[in-house]
Amino acid sequence: MFEIRIHSRGGQGGVTAARLLAMAALHDGKYATACPFYGAERRGAPVVSFVRIDDHPIKVYSQIRQPDLVVVLDASVMDVVDVLNGLKKGGRVLINSAHKQEFAGFATSHVDLTGIALRENLVVAGSPILNTPVLGALAKMGICSAESVKKAIREMFSDEKNVQAAEAAYKEMSL
């Protein structure tokens, strides 16, 4: 089983990103679950979401304490949450950043999801929405196929700019 923990802030699309990733995995013929965890629901508060992907039925629906991959949609979350806590040895990190960052002992990838969202005008209440761009980056990492990502996005959103944002992140992703 491959387990992913997504750290974001309320209103950025982290919960929706988890749902979209699970949908894409299902389109790839895998089993998948997505589950959010947040306290007082308010825009800007730290939010964590979880995705499990496997070739076999998944019988657990809970928080993930030892993920294989950590996704950080907002680097400022790292000021209040230890996003690397429990990350498995040899685990990977995907961070929303225009600049390369290193985390000792972990393979780290980065892409400027915020810049992509702003270019594609994926903004709600003044905040860039990162859910569809991050799906493109996850496809580039091999978590799911690019075609399944596009299919999942089109099932949830009618505006093609969401697919364009995913495609941009796929192209711009630094592995």
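Out of 143, 116, one residue alone is crowded, with 21+ Cβ neighbours inside 10 Å and in a loop (DSSP other than H, G, I, E, B). It is 143. Cβ separations smaller than 9 Å between residues 6+ apart or across chains give the following pairs from the stretch 100-112 residues that are of a type in the set (Val, Ile, Thr) to residues that are surrounded by fewer than 16 Cβ atoms within 10 Å (Cβ to Cβ): 108/100; 108/101; 108/102; 111/98; 111/174. Among the residues making up the stretch 146-175, those that are in a loop (DSSP other than H, G, I, E, B) and of a type in the set (D, E, K, R) are 159, 160. Within the stretch 98-113, being in contact with a Gly (Cβ under 6 Å, 6 or more places away or on another chain) and buried (at least 19 other Cβ atoms within 10 Å of the Cβ) holds for no residue. Total residues in the stretch 94-136 satisfying the condition of being more than 24 Å from residue 157 (Cβ to Cβ) and basic (Lys, Arg): the figure is 1. Of the listed requirements (1) part of a strand (DSSP E or B); (2) within 20 Å of residue 117 (Cα to Cα), residue 34 misses just one: (2).
Of the residues making up the stretch 1-31, those that are more than 13 Å from the chain's Cα centre (by Cα), more than 20 Å from residue 88 (Cα to Cα), in contact (Cβ under 8 Å) with a residue 24 or more places away in the chain and outside any helix (DSSP H, G or I) are 10, 11, 28, 30, 31.
Restricting to the stretch 8-21, and then to whatever is touching a strand residue (DSSP E or B) at 6+ places or on another chain (Cβ under 7 Å) and surrounded by fewer than 24 Cβ atoms within 10 Å (Cβ to Cβ), can you tell me which residue is nearest to residue 147 (Cα to Cα)?
19
Taking (1) more than 24 Å from residue 172 (Cβ to Cβ); (2) assigned to a loop (DSSP other than H, G, I, E, B); (3) in contact (Cβ under 8 Å) with a residue 24 or more places away in the chain in turn, residue 121 satisfies each apart from (1).
Could you say whether any residue in the stretch 68-83 is free of Cβ contacts under 8 Å to residues at least 12 places away in the same chain, out of contact with any helix residue (DSSP H, G or I) (no Cβ under 9 Å at 6 or more places or on another chain), not in a helix (DSSP H, G or I) and not hydrophobic (A, V, I, L, M, F, W, C)? Yes, the stretch 68-83 contains at least one residue that is free of Cβ contacts under 8 Å to residues at least 12 places away in the same chain, out of contact with any helix residue (DSSP H, G or I) (no Cβ under 9 Å at 6 or more places or on another chain), not in a helix (DSSP H, G or I) and not hydrophobic (A, V, I, L, M, F, W, C).
Readers should treat all values here as calculations from the given coordinates under stated rules, not as data from a laboratory. Computed from a predicted model, the values in this text were never measured in an experiment. Don't worry about glycine lacking a Cβ; one is built from the backbone with ideal geometry, like all the others, and counts go over all protein chains shown.
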